[in-house]
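Here's the structure we're looking at; comments come further down.
The values are calculated or read from the model by the stated rules, or taken from the named source; none is laboratory data. Model, not experiment: these values are computed from the prediction. Positions of Cβ are generated from backbone atoms using ideal geometry, with glycine treated the same way; all protein chains shown enter the neighbour counts.
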Amino acid sequence: MVINDLDAAPAQATVADIVARGGQAVACIGSVTDTDFGERFVQQALDSFGGIDIIVNNAGYTWDNVVQKMSDEQWEAMLQVHLTAPFRILRAASGFIREAAKKEAEAGQPVFRKVVNISSTSGVYGNAGQANYAAAKAGINGLTKALAKEWGRYKVNVNSVAFGLIMTRLTEAAADADAKIDIAGQQIKVGVNPQVLKNAESLIPLGRGGTPEEAAGAVYLFCIPESNYVSGQVLVCGGGRP
């Protein structure tokens, strides 16, 4: 498994946890928005493990504003991280996928591979204050459906998971109203006003935001052999809230 993060410490911590559980993992540090990242990421997988079985495009963050106050920089940043970066990674992987599928077909040993792109309910239903994020996440759903048609011949299942409220450091109740993280030199606000969060959870039929483990479970569904005949789909993981 190749793990990516902007920062080395959390990436290496994840690698160590996987290795401690008996798995194999390496870290690929850097921003997915770098123009050479897709090629570098794919090449590290090939160098370390000799092939690619599953790709999960999960990197991202939000940078919200109402449309009249949204800068070009905010707009472009969301498109870059949520849509362009996954496109570049998948394009970089396409050569290996085509050649591997051809060899496996000739040998009579077909192999199913999986791509899971991470979308959002904002990209399915829209969300006020997130024109940039919603557009990018709607775009990844379109990319998912297009590649499902292109790569079906290579036995690649391409699907998307659209998350609702998942409790991470970006969405948890903000203890500090001014809490921010640095992304490419920009100070991005994290956390949600506790009352806003409470109101949002009250609209979810299951009564709460999802956990990271539950979010991972939705991705897992698309990575197992039982999903070999499922492709081009967008699965909403939102606790029942549209």
ask   = So is Asp53 surrounded by fewer than 19 Cβ atoms within 10 Å (Cβ to Cβ), touching a strand residue (DSSP E or B) at 6+ places or on another chain (Cβ under 6 Å) and of a type in the set (D, E, K, R) or not?
value = yes
remark   = Conditions (1) in a helix (DSSP H, G or I); (2) touching a residue at least 40 places away in the same chain (Cβ under 8 Å); (3) not small (Gly, Ala, Ser) -> Gln12 fails only (2)
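For the stretch 88-128, which positions are among the hydroxyl-bearing types (Ser, Thr, Tyr) and either touching a Pro at 6+ places or on another chain (Cβ under 7 Å) or closer than 17 Å to Gly152 by Cβ (or both)?
Ser94, Tyr125
Please find, among Asp36, Asp7, the residue that is modelled with pLDDT under 95 and out of contact with any Leu (no Cβ under 9 Å at 6 or more places or on another chain).
After ruling out the rest, the residue left standing is Asp7.
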request  = Output yes when any residue across the stretch 101-117 is of a type in the set (Gly, Ala, Ser) and part of a loop (DSSP other than H, G, I, E, B), and no when none is.
outcome  = yes
remark   = Scanning the stretch 170-184 for residues that are under 23 Å from Gln80 (Cβ atoms) and surrounded by 12 or more Cβ atoms within 10 Å (Cβ to Cβ), the one modelled with the highest pLDDT turns out to be Thr171
query = Has the stretch 38-50 got at least one residue that is in contact with a Ser or Thr (Cβ under 9 Å, 6 or more places away or on another chain) and among the small types (Gly, Ala, Ser)?
reply = no
Residue count, the stretch 57-72 (criterion: surrounded by 14 or more Cβ atoms within 10 Å (Cβ to Cβ), of a type in the set (A, V, I, L, M) and over 17 Å from Ser31 (Cβ atoms)) = 1
Ala101 being of a type in the set (Gly, Ala, Ser), surrounded by 17 or more Cβ atoms within 10 Å (Cβ to Cβ) and in contact with a strand residue (DSSP E or B) (Cβ under 8 Å, 6 or more places away or on another chain) = yes
note = For Ser94, the lone unmet condition from (1) among the polar types (S, T, N, Q); (2) surrounded by fewer than 17 Cβ atoms within 10 Å (Cβ to Cβ); (3) in contact with a Lys or Arg (Cβ under 6 Å, 6 or more places away or on another chain) is (3)
